[in-house]
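Worksheet for the structure shown next.
Rule-based calculations on the coordinates, nothing more; no lab input. These numbers were taken from a predicted model, which means no experiment stands behind them. Using ideal geometry, Cβ is built from the backbone for each residue, glycine included, and neighbour counts are taken over all protein chains shown.
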Amino acid sequence: MISLQSRLAPRAQGKQPSPIRELMRYLSIEDMISLGGGYPNPETFMLQQLDFAFKDGTQLTIADKDLIQASQYAPSDVLPALKKPLFEWQKFKDGVSLHDGQLVVLNGSQEGIFIMAYLFLDEEDFVVVSEPSYPGAIAAIKSFTKNFLAIPLDAEGMQTDVLAMLLRERQARGLKLPKFIYTIPTGHNPGGVTLSLSRRKAMIEIAQQFDLLILEDDPYQLLQLEKTNLLPTLQSMDSEGRVVRLDSFSKIFAPGLRLGYASASPEIIQQFVYFKQSSNMHTSSLVQKLLGEYLEKTGLANFFSQVQQNCQLYRRNRDAMIAAAQKHLPQSVRYNSPTAGMFIWFELPAFCDSSRMIEQYAADLKVVLVPGTAFSTHAGLRNYMRASFSMVSPTQIEEGIHRFALMIENELNHQTR
Ligand SMILES: Cc1ncc(COP(=O)(O)O)c(C=O)c1O
């Protein structure tokens, strides 16, 4: 197993558990009289009963002792009622058995990206990301360092051969190696691509060879648009505790609840827990309770199959967008048909300036996409745009892509004027 202390940024070194929070484990001992905690008395809580109805027919009532648990402060890692369901969920979908101390519930996976950057990155540190990358990750990382090693994507995801070459070169020149690789292995945002099995293996090998951590940010794992089996997660391929995996319920349950979790070696998760203790104490007890009860009552297989059913909507929309792109866009526009996720990444002819195109034409043509620069570590990717097919109907997709084609035509005319 890898050593952690030397990798931590100075701000994260020498952290001690919160002395009061650490006493919580005594509270589950029968007949314990606690004069210790500063908890408010549950008799003063305002909630009486919560009734939830789910689209699959599951009904839940949270009352009495359960409601007190859902209303009270909770451990910083995971509400006891959610721990078993999440351990089973990881086993069910990834075949990975997590043990005590290997999981911490987060306010969405975004919090996990921020914590990872906080723990490991100082101003002079380097981090590997894909170019393009998810803007939320770029922003979180930029809070600590601007030193990105940006690796291009192709249809198989991050180009691991380019990464290996770059690292070999840096090593040979005695330059600092990065602290970790940030990767979005499935249905990349914005690239739409999924990291192939051989690239996953290569990434693990690279991490081993150059002694790096990997941050596996996988919120689109279950938004599968083809009926193929899930690829093994990087975490499932890691034997040295190098992978920190982020799972999110945003795309498969509801994003507004802010529910995700990190799983990794106990040493790394302990650091995440220290962060939680000193920032927001823990993720909402109520939403943890809700998810835990729901997973227990509905069953994992049932939940999984509902997520699969929901994918039909995204599949239909992906198909509509690809069909519209084939029909309306000029041959010079390149794109992949994504097998997972909710995005298509369009490469426009080199003369296109996507930010300018949006500024000039979006209001008149009534179509908006995200310009490529939003996904670049250095304001590059000017001739790219991201389209999302998640929130629109097939009819809107057809019309939206038609308008996008007009936007490209306008840009072409602008250039030749
Ligand atoms: C790649 C990626 N990571 C993380 C997030 C944040 O997800 P969450 O809602 O779980 O914080 C998103 C959201 O769009 C995303 O696309």
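Determine the sum of side-chain charges near residue 215: Lys and Arg each +1, Asp and Glu each -1, restricted to other residues whose C-beta is under 11 angstrom from that of residue 215.
Working: positive: 179, 242, 245; negative: 216, 217, 218.
Summing Lys and Arg as +1 and Asp and Glu as -1 gives 0.
For the stretch 303-416, the ratio of Cα radius of gyration to the globular rule of thumb 2.2 N^0.38 Å stands at 1.10.
Legend: ranking of residues 26, 261, 134 from fewest to most surrounding C-beta atoms inside 10 Å; resulting order 26, 134, 261.
Taken along the Cα-to-beta-carbon direction at a fixed 7 Å, the label points for residue 414 and residue 139 span 2.5 nm.
Across the stretch 197-214, the residues whose backbone nitrogen lies under 19 Å from the label position 7 Å along the beta-carbon direction of residue 6 are 206-214.
Ranked highest first by the average count of other Cβ atoms within 10 Å around their residues, in what order do 58-69, 185-196 fall? Walk me through the numbers before you get to the answer.
Details: 58-69: 14.6, 185-196: 25.5.
Top to bottom by mean Cβ count within 10 Å: 185-196, 58-69.
In sequence order, the stretch 304-314 has phi-based couplings of 4, 6, 5, 4, 4, 4, 4, 5, 4, 4, 5 Hz under the Karplus curve 6.51 cos²θ - 1.76 cosθ + 1.60, θ = phi - 60°, and Gly or Pro positions carry x.
Each residue of the stretch 333-345 is assigned a 3J(HN,Hα), and the resulting list reads 8, 10, 6, 9, 8, x, 9, 7, x, 9, 10, 10, 10 Hz, derived from the Karplus form 6.51 cos²θ - 1.76 cosθ + 1.60 (θ = phi - 60°), x at Gly and Pro.
Each residue of the stretch 108-124 was assigned a 3J(HN,Hα) from its phi angle through the Karplus curve 6.51 cos²θ - 1.76 cosθ + 1.60 (θ = phi - 60°); the sequence is x, 6, 4, 4, x, 5, 4, 5, 4, 5, 4, 6, 10, 10, 10, 3, 8 Hz, with glycine and proline shown as x. Sparsely packed loop sites in the stretch 287-381 (the chymotrypsin sites (Phe, Trp or Tyr not before Pro) outside DSSP H, G, I, E and B with at most 16 other Cβ atoms within 10 Å) comprise 351. Treating r as the C-beta distance of residue 205 and residue 44 and R0 as 51 Å, the FRET efficiency rounds to 0.35.
Full extension of the chain between residue 165 and residue 22 gives 46.9 nm of extra length, using 0.36 nm per residue less the Cα-Cα distance.
Ordered by the number of other Cβ atoms lying within 10 Å of each residue's own Cβ, fewest first, 352, 311 fall into the sequence 311, 352. DSSP finds beta bridges in the chain, and of those with both partners inside it, around 60 percent are antiparallel.
For the chain, the spread of Cα positions along the three principal axes, ordered from largest to smallest, is 82, 57, 37 Å.
Cross-link candidates for residue 289: which lysines have Cα within less than 24 Å, leaving aside residues fewer than 8 places away along the same chain? Straight-line reach from residue 289, under 24 Å: 55, 65, 83, 84, 91, 93, 251, 276, 297. At 20 °C and 1.002 mPa s, what whole-number value in µm²/s does Stokes-Einstein give for the translational diffusion of the stretch 313-366, with Rh from the Kirkwood sum over Cα pairs? Once the numbers are plugged in, D ends up at 169 µm²/s.
Close amide H contacts of residue 158 (hydrogens built in the peptide plane, cut-off under 5 Å, sequence separation of 5 or more or a different chain): none are found.
When only Cα pairs below 8 angstrom with a gap of at least 6 residues are kept, the stretch 303-416 shows a relative contact order of 33 percent. Over the residues of the chain, the helix contribution to mean residue ellipticity at 222 nm works out to -12500 deg cm²/dmol, using -39500 (n - 2.57) for each DSSP H run of at least 4. Our note on the geometry: Cα centres of the stretch 372-417 and the stretch 102-131, 30 Å apart. Each part reduced to its alpha carbon centroid, the stretch 275-350 and the stretch 1-15 end up 34 Å apart. Please identify which residues in the stretch 169-204 have an amide N closer than 16 Å to a label point set 7 Å out from the Cα of residue 267, following the Cα→Cβ vector. What the label zone holds, given the 16 Å backbone N cut-off, is 179-180.
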